[in-house]
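These notes are about the structure you will find just below.
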Amino acid sequence: MVNDSTFADGLGLDVHIRTKIVRYWSYIKNIAIRIGSDILEIEGSADADDAEARYWYNFEYQGDMEDMSGFPVTQKLPSVYKRQYKIDLSSKFGPGKHITVQLYKEFIRVIFDGDEATFGKTVGLMGDYKTGETLGRDGVTVLNDFTELGDDWQVLPSEPKLFHEISHPQFPELCVKPEDSRGERKRRLDESTISVEQAEKACAVLKDPLSIKDCVYDILATQDLGMVGAF
């Protein structure tokens with residue numbers, strides 16, 4: 001997802017994700033963040049009765065964790081379905097700079113709050129910081145096809161292994177892709193019990209137009225009106 005070998009005066013930053021396909025859509029199931037020599041892996045849970053923090057610190061389940069190479073890490077549990085991990089980067093990059101991982105049930109979202117000095121040299125799936133162009137590994141080719149982009153940024157054997165266990169597929173096996181995603185999506189929407197109007201009404205409480213659009217899509221894909229809580 002993100003790589004910057006020069007991050008924080010050479011400590012380096014890597015963010016890897018693992019996604020899970022459900023019919024024609026997918027979500028981030030696991031995320032692993034490396035700063036310097038410290039690695040934090042996080043996983044969500046769909047079980048409402050499972051309020052346990054599912055994380056690995058330097059490959060140890062629920063290992064003692066206060067910081068990542070000097071950057072403080074805090075956890076919050078706003079509700080039974082929600083959990084948040086925040087890596088505070090302000091000591092190096094100034095107030096308000098942080099990496100935040102938000103969990104809603106089994107779904108994971110990562111937010112990078114920082115300016116060009118913080119994330120300006122990152123490469124990966126997030127694209128070029130200044131232009132937003134989705135560049136391939138060569139730093140030149142613009143890949144507008146997200147399938148090609150994902151394949152190009154698949155973790156290579158020469159790159160660090162950040163997750164506590166190996167999971168299929170591994171390069172040179174290509175990433176798993178949905179079959180006939182457009183046709184499957186149309187068929188599933190035709191069979192939906194939640195309508196577009198219901199999804200739009202549920203998401204109307206949000207202010208940002210992009211968040212509303214994402215919210216509507218997520219509700220229709222998961223058939224869960226409660227997904228508005230992820231926003």
(Q) Any residue at all in the range 30-40 that's part of a strand (DSSP E or B), under 11 Å from the mean Cα position of the chain (by Cα) and farther than 22 Å from Phe171 by Cβ? (A) no
Scanning the range 217-231 residue by residue, those within 11 Å of Lys105 (Cβ to Cβ) and either more than 18 Å from the chain's Cα centre (by Cα) or β-branched (Val, Ile, Thr) (or both) turn out to be Thr222, Asp224, Gly226
Taking the range 37-73 and keeping only residues that are over 19 Å from Ala8 (Cβ atoms), modelled with pLDDT under 95 and of a type in the set (Asp, Glu), one is left with Glu43, Asp47, Asp49, Asp50, Glu52, Asp64
**Asked** Condition test on Lys86, is it within 14 Å of Ile108 (Cα to Cα), in contact with a His (Cβ under 6 Å, 6 or more places away or on another chain) and part of a strand (DSSP E or B)?
**Response** yes
Within the range 65-84, residues within 14 Å of Gly229 (Cβ to Cβ), over 18 Å from the mean Cα position of the chain (by Cα) and of a type in the set (S, T, N, Q) come out as Ser79
Exactly one of Lys105, Lys76 is more than 24 Å from Leu11 (Cα to Cα), among the basic types (Lys, Arg) and free of Cβ contacts under 8 Å to residues at least 12 places away in the same chain, and that residue is Lys76
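The values are calculated or read from the model by the stated rules, or taken from the named source; none is laboratory data. All of these numbers come straight from a predicted model, not from anything done at the bench. Quick reminder, even Gly has a Cβ in these numbers, built from the backbone with ideal geometry, and neighbours come from all protein chains shown.
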